[in-house]
1. Explain nothing, just the number: relative contact order of the range 175-311, from Cα pairs under 8 Å at least 6 residues apart, as a whole percent.
2. Once each part is reduced to its C-alpha centroid, what is the distance from the range 250-304 to the range 126-160 in angstrom?
3. How would 138, 206 line up from fewest to most surrounding beta-carbon atoms within 10 angstrom?
4. With charges only on Cβ, +1 for K and R and -1 for D and E, what is the dipole size of the range 78-308 about its Cα centre, in debye, rounded to 20?
5. Around residue 252, what is the net charge, scoring Lys/Arg as +1 and Asp/Glu as -1 over all other residues with Cβ under 12 Å from its Cβ?
6. Where does each of 218, 57 land when they are ranked from fewest to most other beta-carbon atoms within 10 angstrom?
7. For residue 81, which aspartates and glutamates qualify as cross-link partners when the Cα separation must be under 14 Å and same-chain residues fewer than eight apart are set aside?
8. Place the peptides 155-164, 95-104 in order of packing, highest mean first, counting for every residue the other Cβ atoms within 10 Å and averaging per peptide.
Amino acid sequence: MNGPKDVTRTVILPHAPGGGRAAARIKSGNQTSRTLLPSGFTLIELLVVIAVIAVLMAILMPALNRAKEQGKRAGCLSNLKQLTLAWLMYIDQNDERLVNGDTREYTAMYNPGLKFSESHYNETPWVETDWRTTMTEREKINAIMTGALYPYVNTLKVYKCSTLERRTADAYGAVSATLRTYAIMDSMNCKSWLDRSPDMKMFKKRGEIRDAAFRAVMVDDGGTGMSALGGFTTRDLRTIRGGNHSWWDPPPVRHGEGTNWSFADGHADYHKWEDPRTVEFGKQTRPTANSPQQPDNPDLIWSAQVVWGNR
Ligand SMILES: [Zn+2]
C-alpha cells in the first residue's frame with residue numbers, strides 16, 4: 001500500500017515513424033520506460049502538408065473575401081439609411097422643402113433673381129464644398145460639419161463608405177483625404193438641366209416626388225474623382241430614347257459589380273448592374289464624364305428612371 005507509486009502515463013507522440021502515433025510508456029515507479037522518439041518530417045511529408053494548406057486557403061479565401069465585402073456593403077447601406085433619414089427629417093422641419101443637394105459646384109444657382117424651381121439662393125448645401133483636391137483634411141471636415149444635414153446625423157463616419165481607403169488618389173492623381181463617398185441625385189434639388197431637356201427638372205418640395213420608392217436620393221458614388229462628388233446624374237429617358245445612349249456620370253461599381261442606393265421613401269438597397277458595358281465603364285481608373293454609346297443598356301435605362309423618372 002505504501003510502496004512506491006506505480007503511475008503509468010501514456011504520452012502520445014505525434015508523427016512517429018510510420019506516420020502513425022506511437023505510445024511511449026513511462027513507468028515512474030520502477031523506472032522502466034519504453035520511448036519511441038519521432039524521427040521528424042520527411043521533405044515529402046512537409047511538402048504535402050504545405051500543399052494541403054495551400055489548397056484549403058485557395059478554397060476558403062474567396063468565401064472569406066465575399067463575407068468581408070458583404071459586411072462592408074451592409075455598413076454602407078446603414079450609412080445611406082441614416083443619411084436618408086436625415087434628408088427626410090430636414091424636409092419635415094423645413095416646410096416640406098428638400099435640402100440643397102449641391103455642394104456649391106454650380107455657383108451660378110446661388111444668384112438671387114433665378115426662378116425658385118432652378119435656384120439655390122439662400123439654401124445651405126447638404127455638404128459644403130469638400131471636393132477640391134487642394135483642400136486639407138480639416139477643411140473637408142468643416143465642409144461636412146457646416147452642411148445642412150450634419151445636425152441630423154452628428155457624425156462624420158456616415159458620409160463615407162468603408163470599402164474605400166481613407167486616403168485615395170483622385171482621377172487626377174492627387175492623393176488626399178476621402179471623407180465622403182455619397183452623392184445626391186441632380187433631380188433631388190441639386191441641379192436642374194431644363195436647358196437640355198424638359199424632363200430634367202429638379203424637385204424643390206416633397207409633394208413633387210411621385211413614386212417615391214423608385215426615385216433615388218443618394219448613391220454610394222465617388223471618392224476618387226471630382227465629377228463624382230457633385231450630384232449624380234444621367235440623361236433623361238426622352239434623351240436616351242432619342243438616340244443618346246451615353247452615361248453622363250460613370251456608373252458606380254463600389255461593391256462587386258454594383259453599388260448602394262437610397263430612395264425617397266427612406267429605404268436603401270444594393271443594385272447589381274446587368275450589362276458588362278456598365279461595369280467596364282464604371283471600373284475605369286480615370287473615369288470620364290461621358291461613355292461611348294451603349295444602345296439598349298438596361299442599366300442606363302434603370303438609372304435614368306430612378307434619377308429623372310419613368311417617362
Ligand atoms: Zn459603399
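Readers should treat all values here as calculations from the given coordinates under stated rules, not as data from a laboratory. Not measured: the values here are computed from a predicted model. Cβ coordinates were reconstructed from backbone atoms using ideal geometry, including for glycine residues, and neighbour counts include every protein chain displayed.
1. 28 percent
2. 25 Å
3. By the 10 Å Cβ count, ascending, the order reads 138, 206.
4. Value, rounded to 20: 280 debye.
5. Here the charged neighbours net out to -2.
6. Ranking 218, 57 by Cβ neighbours within 10 Å, fewest first, gives 57, 218.
7. Straight-line reach from residue 81, under 14 Å: 220, 265, 269.
8. For the peptides 155-164, 95-104, the packing ranking is 95-104, 155-164.
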